[in-house]
Amino acid sequence: MTKQSQAFPEGFLWGGATAANQMEGGFGEGEKGLNIADVLPGGKKRLSILAEPGFNFEIDKETYTYPNHEGIDFYHRYKEDIALFAEMGFKVFRMSIAWTRIFPKGDEKEPNEAGLAFYDRVFDELHKHGIEPVVTISHYEMPVNLVKEYGGWRSREVVTFFERYVHAIFNRYKGKVKYWMTFNEINSGLMMPIMGLGFSIEKEEDKFTPTFQAFHHQFVASSLAVKACREIMPEAQIGCMIIFAPVYAFDSNPENQLHALQEERLFNYYCADVQVRGEYSPFVKRYFEQNGIELDIKEGDLELLKEHTVDYIGFSYYMSRTEKKHKSAEDNVHGNILSGVKNPFLEASDWGWEIDPIGLRVSLNKLYERYEVPLFIVENGLGAYDEIEADGSIQDDYRIDYLKKHVEAMRAAVNEDGVDLMGYTSWGCIDLVSASTGEMSKRYGYIYVDKHDDGSGTLERRRKKSFYWYQKVIETNGAELSLSTPVES
Ligand code: BG6
């Protein structure tokens, strides 16, 4: 194979990905309101605290720390950070808009000018460096007021508030943002309803109907966003965003094969089927019947879903899952918000996420075969502990190795399998607060940020070895994946 054929198609969108709540800081500044991430405590128990019935969405500084309040202070340091992204050669930068900067409580009639102006400054700075923003409209950042007063996405009224938010940002940024995504990892609401859907499941409550009703509202909201995007900025592209983790059967036992298929159908495809194909799949309709789920679908909803489908599928890929029908508690391994049984062929990260580059090629093939729309890997990466060497350098060869193998897998999917892939934005291109654990020590970045789990640190930025590696990858459009140049400290 020639060097040329090993590269990615011209115009491939290389970059990095982040979310407002995990990096901005600027807590309460510019009249920002409180969002779900602001009430998430730091530490490994974060998700279990959240899942406790009756979680009250209040800040309790006596008991917990709140690392998202400061993030990595992108709110004040965005110019420095964007200059570093430009130095790596980023073509795009994935970020999200904090809904609560634009509508602090979510239900106001008019947007907050200070919030709108902040993102104007960020987009202008990106363009100054030739970087296109890729914007997630909602990344686990629902206003707490909507959670408390309306029950999150359970309420149909929230669709109206979301539509207002979308119109405000589309009208303001129409000349500045070409790539949009509606809800981050929308299918995560199946596992983690608080972050995705804005409510907790009370013990005695039937979880099925409220969960799928909330999803229905998000699907309607997503289609309304697609519709608005076409009307307000027809040149822009808008996608959905899902977690994709291919499910392998533990062995060739047909029972396990069937089980893996069933697991995959609900988690991996349920949302994309609606957002890409424009309708609930026959499998999901049957699932609703079997579980007594009756949705309140308003007149015109189904037509809206059918008519306003997304342009592309954005997805996060961190790991695959392996499943068998009959498993004991000891068989279980956890990673991300997903669990499964241990795959004997795979190693795991320090946080137990199984590392599977070939699984990315499998995912790209599965998604493209099913939907035949362009794909965009908008998250992928290795959360790892980094050490600063005596000479000040950070030799993160483990991260380079992980990323290299994943880029090789996607290159094969594109060049050998014919998958239409728009781009790649690896997760946490600059270290930021972990979503699932609230830790800083779980680092993904090419850029190190001097901030620690106890909140200490100068916030100074430092280039890791992987910074230079990625710079070379982008410069050669993915043809060169090994690092041959010397690394400065
Ligand atoms: C995805 C989220 O699930 O994974 C990000 O969209 C998150 O917000 C990323 O940060 C990595 O997960 P974590 O828990 O290691 O931060």
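Count of the stretch 155-166 residues, restricted to those that are farther than 17 Å from Val226 by Cβ and either among the small types (Gly, Ala, Ser) or surrounded by fewer than 19 Cβ atoms within 10 Å (Cβ to Cβ) (or both), is 3.
Output the residue which, of all residues in the stretch 401-455 that are farther than 22 Å from Leu483 by Cα, of a type in the set (A, V, I, L, M, F, W, C) and touching a strand residue (DSSP E or B) at 6+ places or on another chain (Cβ under 8 Å), is nearest to the ligand (Cβ to nearest atom). The selected residue is Leu432. Given the structure, is Val407 within 18 Å of Trp14 (Cα to Cα) and touching a residue at least 24 places away in the same chain (Cβ under 8 Å)? Spelling it out, Val407 is indeed within 18 Å of Trp14 (Cα to Cα) and touching a residue at least 24 places away in the same chain (Cβ under 8 Å). For the stretch 374-400, a residue qualifies if it is more than 16 Å from the ligand (Cβ to nearest atom) and surrounded by fewer than 20 Cβ atoms within 10 Å (Cβ to Cβ), and the qualifying residues are Pro374, Glu387, Ile388, Glu389, Ala390, Asp391, Gly392, Ser393, Gln395, Asp397. Of all residues in the stretch 456-467, which are closer than 15 Å to Asp386 by Cβ and either within 16 Å of the ligand (Cβ to nearest atom) or not basic (Lys, Arg) (or both)? Those that are closer than 15 Å to Asp386 by Cβ and either within 16 Å of the ligand (Cβ to nearest atom) or not basic (Lys, Arg) (or both): Gly457, Glu460, Ser466, Phe467. Among residues of the stretch 52-100 being in contact with a strand residue (DSSP E or B) (Cβ under 7 Å, 6 or more places away or on another chain) and among the charged types (D, E, K, R), the one that is surrounded by the most Cβ atoms within 10 Å (Cβ to Cβ) is Arg94.
Residue by residue, here is whether (1) buried (at least 19 other Cβ atoms within 10 Å of the Cβ); (2) within 16 Å of the ligand (Cβ to nearest atom); (3) over 30 Å from Glu323 (Cα atoms); (4) within 23 Å of the chain's Cα centre (by Cα) holds:
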site	(1), (2), (3), (4)
Gly189	yes, yes, no, yes
Pro193	yes, yes, no, yes
Phe215	yes, no, no, yes
Gly239	yes, yes, no, yes
Asn256	yes, no, no, no
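In the stretch 359-378, the residues that are within 15 Å of Gly418 (Cβ to Cβ) form Cβ pairs under 7 Å with partners that are surrounded by fewer than 19 Cβ atoms within 10 Å (Cβ to Cβ) and modelled with pLDDT of 95 or more, at six or more places apart or across chains, as follows: Arg361/Ala412; Asn365/Asp417; Tyr368/Asp420; Pro374/Asp420; Leu375/Asp420. Filtered by the rule that a residue be polar (S, T, N, Q), within 16 Å of the ligand (Cβ to nearest atom) and either under 28 Å from Met440 (Cα atoms) or surrounded by fewer than 19 Cβ atoms within 10 Å (Cβ to Cβ) (or both), the stretch 324-368 gives Asn336, Ser339, Ser349.
The values are calculated or read from the model by the stated rules, or taken from the named source; none is laboratory data. It should be emphasised that the depicted structure is a prediction, and the values quoted were computed from it without experimental measurement. Here Cβ is always computed from backbone atoms with ideal geometry, including for glycine, and neighbour counts include all displayed protein chains.
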